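Colleague: Have a look at the structure that comes next, please.
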Amino acid sequence: MTGLTGCADKPTVQSSDSMRTGPGVTADKITVAALTDLTGPYAPLGRGVTQAQQLYFKRFNESGGACGRTVELVVRDHGYDVRKAVTAYAEVAPHAAAIPQLIGSSITTALRSRIESDRVLTVPQAWAHTLLGSKYVQIIGTTYDVDMINGVEFLAKEHGLGAGDKIGHLYLQGDYGDSAVTGSRWAARELGMKLVEHEIRPTDNDMTPAVTAFRRAGVKAVLVSVGPLQASSLVGVSAAKGLNVPFVASNSAFAEQLLDTPVGPYLEKDFYILSAVAPPSASIEGIRQVARDYRKTYRGQPVDLSVIAGYGAAVTVGEALKKACSMRDFSREGIVAAHRSNPQFNAGLGGPAMDYSRWTVPSTRSAYVLKPDRDKLGGLKIHRQPVTSPLAEKYTPPS
């Protein structure tokens, strides 16, 4: 008797190996889905993440798969459009055992109720703290609010900012910016600093008004929670107008391609990126192997932070499938239970261990501080190793 897959997670038992199964699982194959952005504003991210995951599952299959089953990654491009993402989800989710890629905080929020109803393990490439609280949604690494708290702590320790000092925060409307400013507001209050906020729309490209406001306020640093092109404008306009302060950004605000623009030297001077993911230039054997394989498979494609992040997300799902295999349970709930059984997950790519056993708090509060460097693979180097700041440790994300 062969297990059947369908829209509902109704496990069956396969007589051949006494394995409980669910949607996306047959006698010889496990289907997983990626809902990505290949044509929208985060296309460089989507391309790197997707190709890295294709590479991982190719290696996964070559090493025997999970209980003799190979993994097929089905990719759909939503172009960072919520309506397209909803349509794509409806198409592929009924036939997927897990979703190792879902780009976009707003898109993940729009699909969250369906994900929970379908009970499918989903790994978003999105880090808003508002996505916490679901057993089925796994944020890997720090959330945007924790990044900004670590950023304020970094500015206090390394750049001497203290009580009474003003810090600017440039952030996007929407889940990304709202989550980031939640953290910066909390950290500023804790340290007695004054936060100068400047919210922009996703369509805004000229950061002159923001720089003017920050100069007028006399800020001593700027937190950055926008896209790469907006961050580039911020740094370039600041240099032109004499706002010479350090910038501390979420990982979504940087792209290696910026180093080849006139803003490149200013990014290398005093721009920092917070990331729970080690950069491609790190002296970590797992990352070196991924970089070698990626360059061999995708010749001419940049090996940037998205590649390491995407690969790590695929490892997370792959290891859950291996554990589900050992538990003889490939139902969706079985895969989630296998994933959630790990309080100290390490993907072999450096960085802090992830606690996947809890879903109401970030999987880690530690992040690297990275710095742009055009001579390094991926355009980034490690400035500071991951540490859990006392400030981030005492923080409780709001529900």
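Colleague: Which one is surrounded by the most Cβ atoms within 10 Å (Cβ to Cβ), of the residues in segment 368-399 that are among the polar types (S, T, N, Q) and out of contact with any Gly (no Cβ under 8 Å at 6 or more places or on another chain)?
Modeller: Filtering segment 368-399 down to residues among the polar types (S, T, N, Q) leaves 385, 388-389, 396, 399.
Checking which are out of contact with any Gly (no Cβ under 8 Å at 6 or more places or on another chain) leaves us with 385, 388-389, 396.
Values: Q385: 13, T388: 15, S389: 21, T396: 8.
Here the answer is S389.
Colleague: In segment 304-341, how many are within 24 Å of S18 (Cβ to Cβ) and either open to solvent by 20 Å² or more (accessible area, probe 1.4 Å) or part of a helix (DSSP H, G or I) (or both)? Walk me through it before giving the result.
Modeller: We begin by selecting, within segment 304-341, every residue within 24 Å of S18 (Cβ to Cβ); these are 317-341.
Now restrict to residues that are either open to solvent by 20 Å² or more (accessible area, probe 1.4 Å) or part of a helix (DSSP H, G or I) (or both): 317-329, 332-341.
Selection size over segment 304-341: 23.
The rows are residues; the columns are (1) over 26 Å from V181 (Cα atoms); (2) in contact (Cβ under 8 Å) with a residue 12 or more places away in the chain; (3) among the hydroxyl-bearing types (S, T, Y).
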residue: A253; (1), (2), (3): no, yes, no
residue: Y266; (1), (2), (3): no, yes, yes
residue: S283; (1), (2), (3): yes, no, yes
residue: D293; (1), (2), (3): yes, yes, no
residue: Q301; (1), (2), (3): yes, yes, no
residue: Y311; (1), (2), (3): yes, yes, yes
residue: E319; (1), (2), (3): yes, yes, no
residue: E333; (1), (2), (3): yes, yes, no
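Colleague: Next up: Hey, can you tell me all the residues within segment 321-331 that are closer than 14 Å to G64 by Cβ and either free of Cβ contacts under 8 Å to residues at least 60 places away in the same chain or in contact with a Ser or Thr (Cβ under 7 Å, 6 or more places away or on another chain) (or both)? Can you show your working first?
Modeller: In the first step, residues of segment 321-331 are kept if they are closer than 14 Å to G64 by Cβ; the result is 321-322, 325-326.
Within segment 321-331, S326 is the sole residue that qualifies.
Colleague: Is there a residue being among the charged types (D, E, K, R) and either touching a Cys at 6+ places or on another chain (Cβ under 6 Å) or assigned to a strand (DSSP E or B) (or both) anywhere in segment 367-375? Talk me through it step by step, then tell me what you get.
Modeller: So in segment 367-375, the residues among the charged types (D, E, K, R) come out as 371, 373-375.
In the following step, the residues that additionally are either touching a Cys at 6+ places or on another chain (Cβ under 6 Å) or assigned to a strand (DSSP E or B) (or both) were identified as 371.
Scanning segment 367-375 turns up at least one residue that is among the charged types (D, E, K, R) and either touching a Cys at 6+ places or on another chain (Cβ under 6 Å) or assigned to a strand (DSSP E or B) (or both).
Colleague: When you scan segment 21-124 for helices (runs of 4 or more DSSP H) that lie fully inside it, which ones turn up with 2 or more residues that are open to solvent by less than 10 Å² (accessible area, probe 1.4 Å), in contact (Cβ under 8 Å) with a residue 24 or more places away in the chain and closer than 30 Å to L258 by Cα? Give the steps one after another, and end with the answer.
Modeller: Numbers: elements: 43-62, 82-92, 105-118.
Once the helices (runs of 4 or more DSSP H) in segment 21-124 are filtered for at least 2 residues that are open to solvent by less than 10 Å² (accessible area, probe 1.4 Å), in contact (Cβ under 8 Å) with a residue 24 or more places away in the chain and closer than 30 Å to L258 by Cα, what remains is 43-62, 105-118.
Colleague: If the requirement is being open to solvent by 10 Å² or more (accessible area, probe 1.4 Å) and small (G, A, S), which of these qualifies: A156, A128?
Modeller: On the way: A128 fails: open to solvent by 10 Å² or more (accessible area, probe 1.4 Å).
Going through A156, A128 in turn, the sole match is A156.
Colleague: How many residues does segment 223-258 contain that are under 20 Å from W127 (Cα atoms), of a type in the set (A, V, I, L, M) and open to solvent by less than 40 Å² (accessible area, probe 1.4 Å)?
Modeller: The total comes to 8.
Colleague: Continuing with this model, one more query. Which residue pairs have Cβ atoms closer than 9 Å, lie 6 or more positions apart in sequence or on different chains, and pair a first residue in segment 163-182 that is open to solvent by 10 Å² or more (accessible area, probe 1.4 Å) with a second residue that is acidic (D, E) and part of a helix (DSSP H, G or I)?
Modeller: Y171/D178; L172/D178; T182/D145
Colleague: Scan segment 131-168 residue by residue and report those that are in contact with a helix residue (DSSP H, G or I) (Cβ under 9 Å, 6 or more places away or on another chain), part of a loop (DSSP other than H, G, I, E, B) and over 29 Å from Y311 (Cα atoms).
Modeller: L161, G162, A163, D165
Colleague: I'm trying to understand the selection: among the residues of segment 290-303, which are hydrophobic (A, V, I, L, M, F, W, C) and in a helix (DSSP H, G or I)?
Modeller: Within segment 290-303, the first condition is being hydrophobic (A, V, I, L, M, F, W, C), and the residues that meet it are 290-291, 303.
Matches in segment 290-303: V290, A291.
The values are calculated or read from the model by the stated rules, or taken from the named source; none is laboratory data. This is a predicted model, so every value here is computed, not measured. Neighbour counts are summed over all protein chains in view; Cβ atoms, including those assigned to glycine, are modelled from backbone coordinates with ideal geometry. The protein model used for the area step is the full one, side chains on, heavy atoms only, and it has no ligands, DNA or RNA in it. Shrake-Rupley method; radii C 1.70, N 1.55, O 1.52, S 1.80 Å.
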